[in-house]
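> Once you've had a glance at the structure underneath, I'll fire off some questions.
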Amino acid sequence: MDDIKVLIKKMTLEEKAGLCSGSDFWHTKAVERLSVPAVMVSDGPHGLRKQEEGSDHLGIHDSIKAVCFPAACATACSFDRTLLREMGSALGKECRAEGVAVLLGPAVNIKRSPLCGRNFEYFSEDPFLAGELACAFVQGVQGEGAGVSVKHFAANNQETRRMSVSSEVSERALREIYFPAFEKVVKDAKPATVMCSYNKINGVYASENEWLLTDVLRNEWGFDGFVVSDWYAVSDRVKGLKAGLDLEMPGGDEENDKKIVAAVRSGELPEEVLDRAVERILRVILPLHKERTAPFDRERDHEKAVSIAKESAVLLKNEGALPLALGEDVLFVGEFARKPRFQGGGSSHINAWRADGALAFAQGVRYVRGFGTDGEGTEEELKEALAAAESAKTVVVFAGLPDRYESEGYDRTNMRLPEAEDRLIDALCEAGQKVVVVLHNGSPVEIPWIGKVNAVLEMYLAGEGAGEAAVRLLTGAANPSGKLAESFPLRLEDTPSYLNFPGDRERVRYAEDVFVGYRYYDSKKEEVLFPFGYGLSYTTFEYSDLKLSSVEWREGERLKVTLTVTNTGKRAGKEIVELYISDQSGEAVRPVHELKGFEKVALQPGESKQVTFELGGRAFAFFDEKTHGWRVPNGKFVVEAGASSRDLRLFAEVVVHGRAAAFRVDGDTTVEQLFAHPATRAVMQGLLKKFRPGSSDDKMGDTDREMMRAAYLQAPLRTVRLALNMTKEQYEGLLNALNGAFEG
């Protein structure tokens, strides 16, 4: 630290300003006379996209060959921290071997709507799951000596007008939904950098948002790395520097460097603010520059990619069709069987080292194209597929979304598969053979034929090992164990953000607030196609013996939750045990339940294992906008354990002793609020005998009496004052008495 401060003192104002922007698309600036090196950054949440010639941030130009791991939409379904840590470790080694100091990922934005074109790059609709998996990934990368850039901070949940739109979102929704994944990674994994997003948050660009980048990120969470802009996200460089944006990317144009120098010389920008940004950058890049080499094995990493794909696939339906034996009575249909769609478009697009389709691993099966990877198919191809199906016992259709359907830069407008795919699947179902569908997509899709097919295997965008993994799962060489990290709605119109996505020209209202994904569907009891956390296996599991370490919990304590899960089937398998918390206190409007724990358990047939969770205060807390802080309410909570958010099998109650809401009586406080608190109830009972309706009027009917009761309970104290003809002194005395009773 002292050496860095000495180094900064030796730098000229121009050198310090220059260090706060890149030298080109992928490198920071060097200060050669002081031996300050330039370091390279590179895209790659699920693979290294290192470009040597022709730089861009949209995946247009070629990059070096690299192993393409499954995208986050797939890996999130593994619910496996260890797997994500191993994937991160593999990427960290590759970064070091290729001289890349910082990997630009992971992306931990929440899946607010299934239409977001970049959802394939994000983990989940649930912030707890996203944070846990992203944290493991970051620990893996940085454990190998490379850095990461956690992105895109914050409330960047659509591609439409992403560089200018204002996300209008409550502080509670930010704190409970859109911040927690970032917070988890910052606090527990200590990322080298955080990337701020393009958009505005409540009218202020993320790159100029001091509350976001300094008050929350640094002062509250303790972030000690540097903040980098998304590429071309800077609106006002001097404002950004003041707010906490340290490094502007990309570089090449020195105009903003000159603005920084001019602002310091004019007194607009204190030089110590610039020095602080330079110190943050140097503190990160100097150690990373030293970590330049590491052994890595692409063949081994490819096998790891296959393994992760197997662990992440979700079996959505199986009516006796899987696993299957491959042979001439099995027909593969769809060009995705030869050329799988295994990644998304844009800045995360990898020049894959290998990418074999399922057909390469399925000896003896027959194949017809049926439709292309572009989703288009002719009438002749449909007839050819139906003719070939006549001599097959099982038809496996490899379907999904074409590349152009979802990508960085734009959002989807619907959830439908290409018409040619739906039409062919419907026709095959009518032919009478067993029909299995393998899906390759980055976001939920409508499945109108779900009641007709025999099985559906959701692969998502499973990386370069997608084809091999699919065959192993179809044949039973591997047992599906993934579960959905997002809900599959029946219709787009059912989604919580439907009326407010993608917003109008200048803003998008997050009117659903904290009710995102299953928090909305489950609270509303909305029917869905597949719920959050859902996934089948070739074996079965039983849950039992849910126990709590105590039936009461107090702040500062840890509640231990144990249960037993048993493999009751005939195959080895893995079960993801999900733990939810349901607040019964009634102190705040909250989702019916929220995920607060998960564990993936491997079990042999007949084997049982005990699973243990620990819950701290944050598991019970909500964000109180009145006090701008987290608060655990007093009251009853239910601990729920099960196989999905809709398949809850074990329940236990715990009485939580939290902290009462901060309460100050004023003219807007209602009679009902005061009667709800024992401390103020006695004062009100004495005062309101005259105001209490019904007891002296026998002629009043039940409806009138109920109306009067509701009216007086809802009345604020300023109305009570008028009704009782209270003087100013009497009214102020009442307020003082009520506040005194509450505080006493």
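> Does Ala572 fit the bill of being within 28 Å of Tyr520 (Cα to Cα) and either touching a residue at least 40 places away in the same chain (Cβ under 8 Å) or crowded, with 20+ Cβ neighbours inside 10 Å (or both)? Explain how you work it out, then say what you get.
Numbers: within 28 Å of Tyr520 (Cα to Cα): no; either touching a residue at least 40 places away in the same chain (Cβ under 8 Å) or crowded, with 20+ Cβ neighbours inside 10 Å (or both): yes.
No.
> Being crowded, with 24+ Cβ neighbours inside 10 Å and within 30 Å of Gly482 (Cα to Cα) narrows it down to one of Thr75, Thr28, Thr82, so name that one. So that I can check it myself, show each step before the final result.
Numbers: Thr28 fails: within 30 Å of Gly482 (Cα to Cα); Thr82 fails: crowded, with 24+ Cβ neighbours inside 10 Å.
Thr75 is the lone residue from the list that is crowded, with 24+ Cβ neighbours inside 10 Å and within 30 Å of Gly482 (Cα to Cα).
> Here is a further query. For region 377-393, which residues satisfy the criterion of being in contact (Cβ under 8 Å) with a residue 12 or more places away in the chain, in a helix (DSSP H, G or I) and of a type in the set (A, V, I, L, M, F, W, C)?
Matches in region 377-393: Leu382, Ala385, Leu386, Ala388, Ala389.
> Does Tyr534 fit the bill of being within 28 Å of the chain's Cα centre (by Cα), buried (at least 19 other Cβ atoms within 10 Å of the Cβ), more than 30 Å from Pro323 (Cα to Cα) and of a type in the set (Phe, Trp, Tyr)?
Values: within 28 Å of the chain's Cα centre (by Cα): yes; buried (at least 19 other Cβ atoms within 10 Å of the Cβ): yes; more than 30 Å from Pro323 (Cα to Cα): no; of a type in the set (Phe, Trp, Tyr): yes.
Taking the combined requirement at face value, the residue does not satisfy it.
> Okay, next question. In region 263-277, what residues are out of contact with any Asp or Glu (no Cβ under 8 Å at 6 or more places or on another chain) and either of a type outside the set (Ser, Thr, Tyr) or under 12 Å from Cys20 (Cα atoms) (or both)?
Result: Ala263, Arg265, Gly267, Glu268, Leu269, Pro270, Glu271, Glu272, Val273, Leu274, Asp275, Arg276.
> Take the conditions assigned to a strand (DSSP E or B), touching a residue at least 12 places away in the same chain (Cβ under 8 Å) and either surrounded by 15 or more Cβ atoms within 10 Å (Cβ to Cβ) or not assigned by TED's automatic domain parsing to the domain that holds Val720 (or both) and apply them to Glu587. Does it pass? Give the steps one after another, and end with the answer.
On the way: assigned to a strand (DSSP E or B): no; touching a residue at least 12 places away in the same chain (Cβ under 8 Å): yes; either surrounded by 15 or more Cβ atoms within 10 Å (Cβ to Cβ) or not assigned by TED's automatic domain parsing to the domain that holds Val720 (or both): yes.
Criteria not met by Glu587.
> Also, I was wondering about something else. Looking for something surrounded by fewer than 23 Cβ atoms within 10 Å (Cβ to Cβ), hydrophobic (A, V, I, L, M, F, W, C) and closer than 24 Å to Gly442 by Cβ - is there at least one such residue anywhere in region 364-376?
There is no residue in region 364-376 that is surrounded by fewer than 23 Cβ atoms within 10 Å (Cβ to Cβ), hydrophobic (A, V, I, L, M, F, W, C) and closer than 24 Å to Gly442 by Cβ.
> Return a yes/no flag: does region 549-564 have any residue that is under 20 Å from Gln610 (Cα atoms), surrounded by fewer than 19 Cβ atoms within 10 Å (Cβ to Cβ) and without any contact (Cβ under 8 Å) to a residue 40 or more places away in the chain.
Looking only at region 549-564, we keep the residues that are under 20 Å from Gln610 (Cα atoms), and these are 549-551, 558-564.
Pick out the ones that are also surrounded by fewer than 19 Cβ atoms within 10 Å (Cβ to Cβ) and you get 549-551, 558, 560, 562, 564.
When the remaining residues are screened for being without any contact (Cβ under 8 Å) to a residue 40 or more places away in the chain, the result is 549.
Yes, region 549-564 has at least one match.
For (1) surrounded by fewer than 24 Cβ atoms within 10 Å (Cβ to Cβ); (2) within 30 Å of Phe620 (Cβ to Cβ), each residue gets a yes or a no:
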{"position": "Val100", "(1), (2)": "no, no"}
{"position": "Pro106", "(1), (2)": "no, yes"}
{"position": "Arg112", "(1), (2)": "no, yes"}
{"position": "Phe123", "(1), (2)": "no, yes"}
{"position": "Ala130", "(1), (2)": "no, yes"}
{"position": "Gln139", "(1), (2)": "yes, yes"}
{"position": "Asn157", "(1), (2)": "no, yes"}
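> Hey, another quick one. So, in region 472-491, exactly how many residues are buried (at least 24 other Cβ atoms within 10 Å of the Cβ) and either of a type in the set (Val, Ile, Thr) or not assigned by TED's automatic domain parsing to the domain that holds Asn441 (or both)?
0
> Would it be correct to say that Ala243 is under 30 Å from the mean Cα position of the chain (by Cα) and without any contact (Cβ under 8 Å) to a residue 40 or more places away in the chain?
yes
> Ok, one more. Consider Glu335 carefully, then state whether it is farther than 30 Å from Thr539 by Cα, acidic (Asp, Glu), modelled with pLDDT under 95 and buried (at least 18 other Cβ atoms within 10 Å of the Cβ).
Details: farther than 30 Å from Thr539 by Cα: yes; acidic (Asp, Glu): yes; modelled with pLDDT under 95: no; buried (at least 18 other Cβ atoms within 10 Å of the Cβ): yes.
It is false that Glu335 is farther than 30 Å from Thr539 by Cα, acidic (Asp, Glu), modelled with pLDDT under 95 and buried (at least 18 other Cβ atoms within 10 Å of the Cβ).
> Now a separate question. Go through (1) out of contact with any Ser or Thr (no Cβ under 8 Å at 6 or more places or on another chain); (2) part of a helix (DSSP H, G or I) for Asp62 and report which single condition fails.
(2)
> Something else: Among the strands (runs of 3 or more DSSP E) confined wholly to region 438-546, which include 2 or more residues that are over 25 Å from Glu578 (Cα atoms)?
On the way: elements: 455-458, 507-509, 528-530.
Filter on region 438-546 gives 507-509.
> Give the residue, chosen from Ala309, Ala263, that is in the same structural domain as Glu464 (by TED's automatic domain parsing), surrounded by 17 or more Cβ atoms within 10 Å (Cβ to Cβ) and of a type in the set (A, V, I, L, M).
Details: Ala263 fails: in the same structural domain as Glu464 (by TED's automatic domain parsing).
Checking each option against the conditions leaves just Ala309.
> May I ask you to list pairs of residues, at least six apart or on different chains, whose Cβ atoms are under 8 Å apart, with the first in region 194-219 being β-branched (Val, Ile, Thr) and the second being in a loop (DSSP other than H, G, I, E, B)?
Hits for this filter: Val194/Phe223; Val194/Gly225; Ile201/Ala154; Ile201/Ala155; Ile201/Val169; Ile201/Asn209; Thr214/Gly244; Val216/Phe179.
> Condition check: surrounded by 19 or more Cβ atoms within 10 Å (Cβ to Cβ), assigned by TED's automatic domain parsing to the domain that holds Thr373 and not charged (D, E, K, R). Does Ala511 satisfy that?
No; evaluated as a whole, the condition is false for this residue.
> A further question follows. If we scan region 9-21, do we find a residue that is buried (at least 18 other Cβ atoms within 10 Å of the Cβ), under 21 Å from Val150 (Cβ atoms) and modelled with pLDDT of 95 or more?
Within region 9-21, one or more residues are buried (at least 18 other Cβ atoms within 10 Å of the Cβ), under 21 Å from Val150 (Cβ atoms) and modelled with pLDDT of 95 or more.
Quick grid of which residues meet (1) basic (Lys, Arg); (2) touching a residue at least 60 places away in the same chain (Cβ under 8 Å):
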position: Val395; (1), (2): no, yes
position: Arg404; (1), (2): yes, no
position: Ser407; (1), (2): no, yes
position: Asp411; (1), (2): no, yes
position: Pro418; (1), (2): no, no
position: Glu421; (1), (2): no, yes
position: Ile425; (1), (2): no, no
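> Okay, next question. Test each condition in (1) among the hydroxyl-bearing types (Ser, Thr, Tyr); (2) more than 22 Å from Leu282 (Cα to Cα); (3) over 21 Å from the mean Cα position of the chain (by Cα) for Ser197 and report the one that comes out false.
(3)
> Working only within region 335-376, note down all residues that are of a type in the set (Phe, Trp, Tyr) and in contact (Cβ under 8 Å) with a residue 60 or more places away in the chain. Walk me through how you get there before you give the answer.
Step one: filter region 335-376 for residues of a type in the set (Phe, Trp, Tyr), giving 336, 342, 353, 361, 367, 371.
Once the filter is applied, which keeps residues that are of a type in the set (Phe, Trp, Tyr) and in contact (Cβ under 8 Å) with a residue 60 or more places away in the chain, region 335-376 yields Phe336, Phe342, Trp353, Phe361.
> Scan (1) out of contact with any helix residue (DSSP H, G or I) (no Cβ under 6 Å at 6 or more places or on another chain); (2) crowded, with 22+ Cβ neighbours inside 10 Å for the single condition Ala352 breaks and write down its number.
Exception for Ala352: condition (2).
The values are calculated or read from the model by the stated rules, or taken from the named source; none is laboratory data. Computed from a predicted structure; not experimentally measured. Please note: Cβ atoms are built from the backbone with ideal geometry, for glycine as well, and neighbour counts cover all protein chains shown.
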